[in-house]
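Please treat every number below as a calculation from the coordinates, not as lab data. If you're wondering where the values come from, they're calculated on a predicted model, not measured in any experiment. Don't worry about glycine lacking a Cβ; one is built from the backbone with ideal geometry, like all the others, and counts go over all protein chains shown.
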Amino acid sequence: MFNLMKIKYFLALLAFTVSLYISFLLSPIPDQASAATGIVTGSVVNIRAGAGTQYAIAGTVYKDTTVTILSKSGDWYQIQCGQTVGWVNQSLLSAEAGSVQAKTPTQTPTPTVILDGQQMQFNVAPQVENGRILVPLRAIFEAMGASVQWNQDTLTATATRGSTTVVMPLNSVTPIVNGKIWPLDVPGKVVNERILAPLRFVGEALGGTVVWDNASYSAVLQSPSTPSTGGSAVTVTAVKVGDYTVNLRSGPDTTYAAVDSATAGEILPVAAQQNGWYQVSRGGTKAWVAGWLVSPTTGGQPADPPVVSNPDPVDELEGLTLSSQRTSAGVSIIMESADKLDKTVNKDTNQVRYVFDDMQISGTSSLKEYLGNGAVTATGSNQGDNAVVTIQLPSGVKYQTSTENNGRKEILFIPNFISSVSRSTFGSSGEKIAVTAVTSVGYTTETESDQLEVTFKNALPGWASPSYTYSKSLIKSMEIESKGKDGSVLTITTVKPAKFSVGLNSDGTTLNILFIDRSEWENRDPIVVLDAGHGGSDPGASGSYLKEKDVSLAVTLKAGQLLTAKGIRVIYTRTDDTFVELIDRSDIANFYNAAVFVSVHCNASTSRTPSGTETYCYYPLEDPQLYLQKDERYNLALRLQQALVANLGLNDRGVKEMNLSVLRESTMPSALVELGFISTPTEEALMQQQQFKDRAAEAIANAIAGYMQANVK
C-alpha cells in the first residue's frame, strides 16, 4: 500500500510538470521563407515586433546594413540583425531576386508570444499539441506583475496581482478567478518543470487581453493597466563597446548575486522599478538589471479583436477559496465563495477559527505569510458538511475582521507594523538605527539640529518598544509612539547637533537612519575639482570620428572657465591629453578637501540606437560616510542631469546609482555625467559641433554653482 501511494504521488507530480492547454483553435500557418540576406535601403528603419506598423518597435537598423531574412508574410520580411529579430516592410529592404520564396511549411512552427508589444523568451517554448497552444503560466503572469506560488500539498498554483487572485488546481477544468469559476476545455498541467496554461486563460485571467495574429503566427497579449514603471519593457544596451552581456541580479544593487545574464539587444518585460534598477522577467525568472544597462521600451496595443473565444467566468463556485494578499497597508487572509457564507467565528488571543456551514474547501488549503521573525498561518479543512479555517497569529499582533461582497467574502486583516528595531555604530560617534516593518513603509521626516522626527504613514508601533536607551551614545533619547490606527512616530534626540541621513532598503521594508556628531562633519573648502574622463593612452569610447577623451576635455576646460568667472576656485585632474590613473583623480579631490567633484564622460553602447544624457552618483548603505552624503550626492547629480537635458535637448535617461571608482573613492559629494552616446551617429555628429560642447559646459557650470550656493559655505 505504501509503495502504491508513492507511485500515485509520483505520477501526480509528474503530471504537474506537463502544460496547460488553451481553448484557442489554431489558424492556418503563415507562409515561411527560406533563409536569405538583404540590404537595408531606408536611412533609419524601425524593426517591428510583428508584421505591421501597429506593432511596437523592437529595434532600429541603418541604411546599407546587411541583415538575415528569416521569413516573409505579405509585404513584410522577418529579419535578424545581431540579437534583434523582428519585421521590416519589404519597401525598406532589398533582397536578391528570387532568393526569398514563400513556401508551404512541412511542420508546425513554434508559436510566438508577444506581451505588451515585445516578444517573450521562455525556458520552455510555447507548444502546439492536439490543435491547442500551450504557454508558460508563471513567465507570463510574472511579466504582468503577478506573484505565482505552488502548493505541493494541494497541487495548486495560485497567482496574485493587486486585488485579483487566480487559483489553478492540478487536473481541474475549473480554475477560480476571484471566487468565480473560469471553465476550460482541458485541465492544467506542466511541462519540464514549468507550469503551462491555456493561452486565452493566461492572457485574460488577470484582466489583460489576447489577440491571435495569423500573419506572424503569434499571440499578442496586453497586460492589464498598471502604474507607470518607465516602460513595459527594456532593451539591453550594455554600457561600453565590448560589453555583449549584462548580469541580472537577485536584488536592485551590484552587491546582489548574479542569477542570470542577458544579451545586448534582448528585450525584457518590466515588473517593477526601484532606485534606478528594473525588475524584469526572463524565462519565467524574475531578476534585477541596472537602469544604465538598458533603454526603456514602450509596449504597443493589440489592434484586432480576439479570433477565438472561451466561456466567460461564471458564478458557479461550489466551494470556499483561501488566499492571502500583501500590500503596503498590511497582510490579508481572504476566505471567499460565490454564495453567501453562513459562518461562526471564535476569537482567541492568538487564534481565529471560522466555521462555514454547508461549505467545502476548494483549492489551496493552507497559507503562510511572514511577519518579521514570526508568521501568520491559515489552515483549512473539511469537517463533515462544513469547512473550517483556523488562523494562527504571533503573540501581540493586532488584526481586524470584516465581511464584504454581500456576505460572500470574509477577511482577516493585519495592519502593517514595526517588527524590529536595531542599532549599530560606526566611527567615533556614528549611529545607525534600522527600523523594519512587515511590508513596505511610507514616511516623512522633520529635522532640527539635535532632533529627527520620522512619521511612518502606514506602520503601527507593533513590536517596537515605546523608548530605547543606549549607553555612551550620541543618542539622548529615542521614542516610538502611535499616531492613530495607521501610523507611528519615531523621535530621536541627540546630545549634540548631528548630521542625519535617512533612506529605505531595496524592498522598502527597512528604514535606515544614519547620523554623526556634526562637529565631525568636516567643513569643506569651496573648491570644485573637474575631471575630464580618460586621456593619453586611454582614449575611452570612440565613434566614427571622435574619441571620448577629446570631447570630455574640451567640455571640462570650458566648464572650468565659466566657474572661475563666477568666482569659484577650480582644480583640474588633467588639462591636456595625458593619462591619469583612476585612483589619482579622486585622490586629487580628497587632497584639496574639495566641496564638489564632477567627472565628465561620453556614453557608448554595442548598439547604435541608444541615446540621451545620464548622470551617476553613489551612496551605498555599506559605506556610512558616503551614505551620510546621500542627499547631497543625489542633489548634485540631479542638478547636473536637469541642466544638461535642458541645454542639450537629448533624451533624459535620469539619475542612476553606480559603483564607479571616482564616486566610491571621493570623500565629498561627487557625480559623473555622460553627455550623450558617442557610438550613436546622430549624437556623435552633435559632439563635433562647438555649440554642443559650449552648451554642455554651461549646463555643468550652472548646476555646480547652484549646488555650491545652496550647500557650501
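Structure summary
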| read-out | value |
| --- | --- |
| Pair ASP631, ASP358: separation of 7 Å Cα→Cβ label points (nm) | 6.3 nm |
| At R0 = 35 Å, FRET efficiency that the Cβ-Cβ distance of ASP507 and ALA646 yields, to 0.05 | 0.55 |
| Net charge over other residues, Cβ less than 12 angstrom from the Cβ of SER473 (K, R count +1; D, E count -1) | +3 |
| Cα gyration tensor shape of the stretch 524-568, rounded if a/c is under 1.5, else prolate or oblate by comparing a/b with b/c | prolate |
| Cα extents of the stretch 405-477 along the three principal axes, largest first (Å) | 60, 22, 19 |
| Cα→Cβ-extended label distance, 7 Å offset, between ASP339 and THR682, nm | 6.4 nm |
| Protection proxy ranking, peptides 628-639, 500-511, 476-487, average beta carbon neighbours within 10 Å, highest first | 628-639, 500-511, 476-487 |
| Chymotrypsin sites (Phe, Trp or Tyr not before Pro) within the stretch 557-598, DSSP loop, no more than 15 other Cβ atoms inside 10 Å | PHE579 |
| Cross-link pairs beyond the 21 Å C-alpha cut-off, checked among LYS286/LYS398; LYS549/LYS693; LYS432/LYS472; LYS340/LYS485; LYS340/LYS398; LYS286/LYS457 | LYS286/LYS398; LYS340/LYS485; LYS340/LYS398; LYS286/LYS457 |
| Cut-off 14 Å (backbone N to label point 7 Å along Cα→Cβ of ARG423), residues of the stretch 502-523 | 513-516 |
| At 1.002 mPa s and 20 °C, Stokes D of the stretch 551-692 from Kirkwood alpha-carbon radius, µm² per second | 136 µm²/s |
| VAL495-SER544 pseudo-label distance in nm [points 7 Å out on the Cα-to-Cβ vector] | 6.8 nm |
| Pairwise FRET efficiency - ASP694 versus SER381, Cβ, R0 = 60 Å, nearest 0.05 | 0.20 |
| Between the stretch 343-369 and the stretch 601-627, the Cα center-to-center distance that results, in Å | 51 Å |
| Global geometry of the stretch 648-713, whether rounded, prolate or oblate, following the gyration tensor of its Cα atoms and the 1.5 cut on a/c | oblate |
| Extension reserve of the GLN451-ALA125 stretch, reckoned as 0.36 nm per residue once the Cα distance is removed | 111.6 nm |
